[in-house]
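The values are calculated or read from the model by the stated rules, or taken from the named source; none is laboratory data. As the structure is a computational prediction, the values presented were derived from the model and not from experiment. Note that each Cβ is placed from the backbone with ideal geometry, even for glycine, and that neighbours are counted across all protein chains shown. To get the accessible areas, we keep the full protein, side chains included, count just its heavy atoms, and leave off ligands, DNA and RNA. Shrake-Rupley method; radii C 1.70, N 1.55, O 1.52, S 1.80 Å.
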Amino acid sequence: MAELINGKELAKEIRLKLKEKVEKENLKPKLAVILCGDDEASKVYVRNKSKACDEVGIEFEEHLLPTTTTQEELLNLIDKLNNDENIDGILLQSPIPKGLNIEEAFERIMPEKDVDGFNPYNVGKLCIGEDGFIPCTPLGIMKMFEKYNIDLEGKKAVIVGRSNIVGKPMAQCLLSKHATVTICHSRTKDLKEELKDADIVVVAVGRREIIKADMIKEGAVVIDVGMNRNDEGKLCGDVDFENVSKKASFITPVPGGVGPMTVAMLMNNVIKAYEKRRK
Ligand code: NDP
């Protein structure tokens, strides 16, 4: 039976450490979040981020933009926040309404305030192994490996999903720790074949139970990023948790795994931005 990687506990521990640091060093970090449109899930994510900021002692400023917002209006707001000396981090919650160009918006957020690590400058820094902002989900997963003493060097890691926010930066993070990395996606010919001797599996697809027990090697470490709803409306991941946990050595649950770590890493990145800007 797999050991559970308790993201909820670890995230709490990290938030507490950050809170102590903020109080002890009298830091005054501030995060600005842009929520554009009326995506219901995004509202919940933003609320969770706001709660975490409160807990840690990060000032939180929310900018709500209507669905009718133009690209120019969105970029103007980003410019204003870039120029605001009191703001350390800027986060544009995705998705944004159709017709708006999110890549252009991410690129507009100045690299020093890009706490999500989506600006091409920070993407490049991660690729060449220089210190910048690393996207919160892969960063949180790396902290989990560290906490549970999961050695990555020389291991075969397979990532399922190649998005810019999870799959691709995850690959760079694993590579930086000397894993041998394979990235799978919707055009991968034989997913089961790719996974069969993977020591580390990170799944970020957004499809319930796409990963079944017969696809996983005995003793594999399984990280489930997916967030889906089951037939009863309950949150669940991309992995058939019940059966995969009988074969894996470590596994993350959903909820209580990767999700809380993503938020904790955002807090980490805001404080990092605050400190870097003042150096
Ligand atoms: P995207 O939709 O951007 O990417 C999904 C990826 O899965 C794509 O690369 C796609 O391939 C691939 N894919 C789709 N179908 C298959 C298949 N049958 N076999 C193999 N690969 C497939 O999603 P995100 O990366 O943004 O998110 C993935 C999931 O993780 C979602 O459920 C999301 O809600 C969750 N998430 C959770 C976070 C957390 O903090 N817990 C944070 C971010 C995301 P292709 O590129 O070819 O289309």
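Here is how the numbers come out for the structure above:
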| quantity | calculated |
| --- | --- |
| Any hit, region 204-220, residues being part of a loop (DSSP other than H, G, I, E, B), charged (D, E, K, R), open to solvent by 70 Å² or more (accessible area, probe 1.4 Å) and in contact with a strand residue (DSSP E or B) (Cβ under 6 Å, 6 or more places away or on another chain) | yes |
| Every pair of residues 6+ apart whose Cβ atoms lie under 8 Å, when the first sits in region 174-201 and is at positive phi while the second is surrounded by 12 or more Cβ atoms within 10 Å (Cβ to Cβ) | H178/L152 |
| Tally of residues being open to solvent by 90 Å² or more (accessible area, probe 1.4 Å) and either within 14 Å of the ligand (Cβ to nearest atom) or in a helix (DSSP H, G or I) (or both) across region 160-179 | 3 |
| Residue check for R108: within 27 Å of K80 (Cβ to Cβ) and out of contact with any Cys (no Cβ under 7 Å at 6 or more places or on another chain) | yes |
| Filter result (assigned to a helix (DSSP H, G or I), in contact (Cβ under 8 Å) with a residue 24 or more places away in the chain, over 12 Å from M267 (Cα atoms) and open to solvent by 100 Å² or more (accessible area, probe 1.4 Å)) within region 7-29 | K8, E23 |
| Any hit, region 129-148, residues being more than 14 Å from the ligand (Cβ to nearest atom), closer than 19 Å to E103 by Cα and within 17 Å of the chain's Cα centre (by Cα) | yes |
| When residues of region 191-203 are limited to those that are of a type in the set (D, E) and surrounded by 18 or more Cβ atoms within 10 Å (Cβ to Cβ), the one farthest from the ligand (Cβ to nearest atom) | D199 |
| Selection count, region 221-252, where residues are in a loop (DSSP other than H, G, I, E, B), within 22 Å of P138 (Cβ to Cβ) and open to solvent by 20 Å² or more (accessible area, probe 1.4 Å) | 3 |
| Unique match (being part of a strand (DSSP E or B), within 16 Å of the ligand (Cβ to nearest atom), modelled with pLDDT of 95 or more and open to solvent by 20 Å² or more (accessible area, probe 1.4 Å)) among T182, T188 | T182 |
